[in-house]
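Before any comments, here is the structure.
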Amino acid sequence: MFTDSHAHLDDRRFSEDRELIFEELLHKKVGLILNIGCDLASSERSVELAEKYPFVYAAVGSHPDDADHVNGKLIDRYRALASHEKVVAIGEIGLDYHYEDVPRSIQINAFEEQVELAEALDLPVIVHMREATEDALAVVRRHPKVKGVFHCFSGSVETAKWLVERGWYVGFTGVVTFKNARRAVEVVEQIPIEHILTETDCPYMAPEPHRGKRCDSRFIPLIAEKIAQIKQLSVEDVGRITTENTKRLFRIP
């Protein structure tokens, strides 16, 4: 079985064929999906998907692009959503300094507030980090009890090892299949398979040979195949181990 630990199947780009995708997933041996919120609306939709499909779980939270909307009222709403039995994480949260549409100070405050929520609820977090390693790790250091995954990992081997040493996980998307993905390949080589999660980040990051097209959870086996090649494991073992990793981190039965 394969797992997509980070999907946005609530996205409007799936409005026409979402049901078909879910029907075909089991034929692709994709048996577990985490649908991830980016703001309040997508978090609510993620919970709705989790209620509808037994193999879908949800995370709730505000992406860095939504950080300027994070306040006490929104945190309380996320707290209420997180009481649902199928909400297994706070996310995706974090820092993105690539475009800086939201000032860094606001991003950091929103990230910290949501990490504090996760700590209070004893939930793991799903972290988005882009060109913000130092500040993101500073938040992690301030909350040593909180664990989670740095999704769509684009950092260094050193950063990945630092996270793994502290009980964190690292997520890889279709980027790992790209010809120029040397850093991602090196990180996969250097960290234990027991700390790797497979993810699509759909509708983005479609793996080769579908690069540039809309991505969906049916592409997870292609990502697992690449990781299997790098790790010199069977694709079945990669599917099994990364599924076990996902269940362990998010405490999914």
- Could you grab the pairs with beta carbons closer than 8 Å, sequence gap of 6+ or different chains, first residue in segment 208-219 and free of Cβ contacts under 8 Å to residues at least 12 places away in the same chain and more than 11 Å from Gly174 (Cα to Cα), second one of a type in the set (Phe, Trp, Tyr) and surrounded by 14 or more Cβ atoms within 10 Å (Cβ to Cβ)? none
- Among the candidates Lys247, Lys161, Lys226, single out the residue that is in contact with a Ser or Thr (Cβ under 6 Å, 6 or more places away or on another chain), among the basic types (Lys, Arg) and part of a helix (DSSP H, G or I). Lys226
- Item | Members of segment 45-66 found to be assigned to a helix (DSSP H, G or I) and either under 29 Å from Glu131 (Cβ atoms) or aromatic (Phe, Trp, Tyr) (or both), listed by number | Arg45, Ser46, Pro64, Asp65, Asp66
- Message: Please go through segment 21-45 and give me each residue that is free of Cβ contacts under 8 Å to residues at least 40 places away in the same chain and either within 27 Å of Val235 (Cα to Cα) or surrounded by 15 or more Cβ atoms within 10 Å (Cβ to Cβ) (or both), ordered by number.
- Response: Phe22, Glu23, Leu26, His27, Asn35, Asp39, Leu40, Ser42, Ser43, Glu44, Arg45
- For segment 1-20, name all the residues that are in a loop (DSSP other than H, G, I, E, B), in contact (Cβ under 8 Å) with a residue 40 or more places away in the chain and more than 22 Å from Arg240 (Cα to Cα). His8, Leu9, Asp11
- Go through segment 174-201 and count every residue that is in a loop (DSSP other than H, G, I, E, B), farther than 21 Å from Leu32 by Cβ and in contact with a helix residue (DSSP H, G or I) (Cβ under 9 Å, 6 or more places away or on another chain). 3
- Message: Against the conditions (1) assigned to a strand (DSSP E or B); (2) small (Gly, Ala, Ser); (3) over 24 Å from Val127 (Cβ atoms), where does Gly171 fall short? Just the number, please.
- Response: (3)
- List every residue pair whose Cβ atoms lie under 7 Å apart, where the two residues are 6 or more positions apart in sequence or sit on different chains, the first residue falls within segment 127-154 and is part of a helix (DSSP H, G or I), and the second residue, located anywhere, is modelled with pLDDT of 95 or more and exposed (fewer than 14 other Cβ atoms within 10 Å of the Cβ). none
- In segment 195-243, anything touching an Asp or Glu at 6+ places or on another chain (Cβ under 8 Å) and over 19 Å from Lys28 (Cβ atoms) is listed as Ile230, Lys231
- Message: If I ask for residues that are within 16 Å of Arg248 (Cβ to Cβ), surrounded by 16 or more Cβ atoms within 10 Å (Cβ to Cβ) and not β-branched (Val, Ile, Thr), which ones from segment 152-195 would you list?
- Response: Leu163, Trp168, Tyr169, Gly171, His195
- Message: Quick check on segment 186-207: of everything there that is touching a residue at least 60 places away in the same chain (Cβ under 8 Å) and either of a type in the set (Asp, Glu) or in contact with a Leu (Cβ under 6 Å, 6 or more places away or on another chain) (or both), which residue is nearest to His63 (Cα to Cα)?
- Response: Asp201
- Of the residues that sit in segment 196-252 and are charged (D, E, K, R) and under 30 Å from Glu119 (Cα atoms), which one is surrounded by the most Cβ atoms within 10 Å (Cβ to Cβ)? Glu199
- Task: Can you tell me which residue within segment 67-101, out of those that are in a helix (DSSP H, G or I), of a type in the set (D, E, K, R) and without any contact (Cβ under 8 Å) to a residue 40 or more places away in the chain, is nearest to Ser15 (Cα to Cα)?
- Result: Arg77
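The values are calculated or read from the model by the stated rules, or taken from the named source; none is laboratory data. Quantities reported herein were computed from a predicted structural model and do not represent experimental measurements. Note that each Cβ is placed from the backbone with ideal geometry, even for glycine, and that neighbours are counted across all protein chains shown.
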